[in-house]
1. What relative contact order, as a whole-number percentage, does the chain give when Cα pairs under 8 Å and 6 or more residues apart are counted?
2. For VAL150, VAL134, what's the fewest-to-most ordering of other Cβ within 10 Å of each Cβ?
3. Work out which helices of the chain, taken as complete DSSP H runs, extend at least 20 Å along their axis over the Cα atoms and score a mean Kyte-Doolittle of 0.0 or more, then list them.
4. Give me the net charge of LYS119's neighbourhood, meaning all other residues with Cβ under 12 Å from the Cβ of LYS119; Lys, Arg count +1, Asp, Glu -1.
Amino acid sequence: MKKILFFASVLIASQVAFAQAPEISRDEHGTKILKGFITKQDLATDTAFKWFSENQKGYVPEQAALQTMRANKDSISIIAFGGTWCDDTKFILPKFFVLADAAGLPQDRITVIGVDHSKKTIQHLSETFGIANVPTIIVMKNGKEVGRVVEYGRYGMFDKELGEIIRNAK
């Protein structure tokens, strides 16, 4: 756990300090894959990711999750792993950003890391965090992981489970 705590701190600091562009490739279907640090802006402005704005339309965050995130916005950080090729990521990640924006979660508290089809990314980050499925949204508080939502979560509602994790974080 100390290793993850240290690595998460270094990860977030290095993203801010170096703001490195993601590696770009295409799979056998021509789908654009971003591997590494991704920003909301990368997804919102690239015409290859039309799904981003399309999947934000009409989404209304679960209200308890919204209120909980809003109340804790200055004490949590989020690390999200996703694949720009992955249907679950294409559905959930845009909605996560709607939730985060509505809650006022600062963008500097959100780190998004793109993975390839084999769930690998730069600097072995997916292995360090034990990522097996995407999207995986990890909630950090005081530099420690307090919980994670994998894909749609236990309820089929990622936002509800995210709210519970944040509410129960110590």
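1. 26
2. Fewest-to-most ranking of VAL150, VAL134: VAL150, VAL134.
3. Helices meeting the criterion: 2-18, 87-103.
4. 0
Throughout, read-outs are computed from the coordinates displayed, never taken from laboratory work. Every value quoted in this text rests on a predicted model; they were computed, and no experiment measured them. Neighbour counts run over all protein chains shown; Cβ positions are idealised from the backbone, glycine included.
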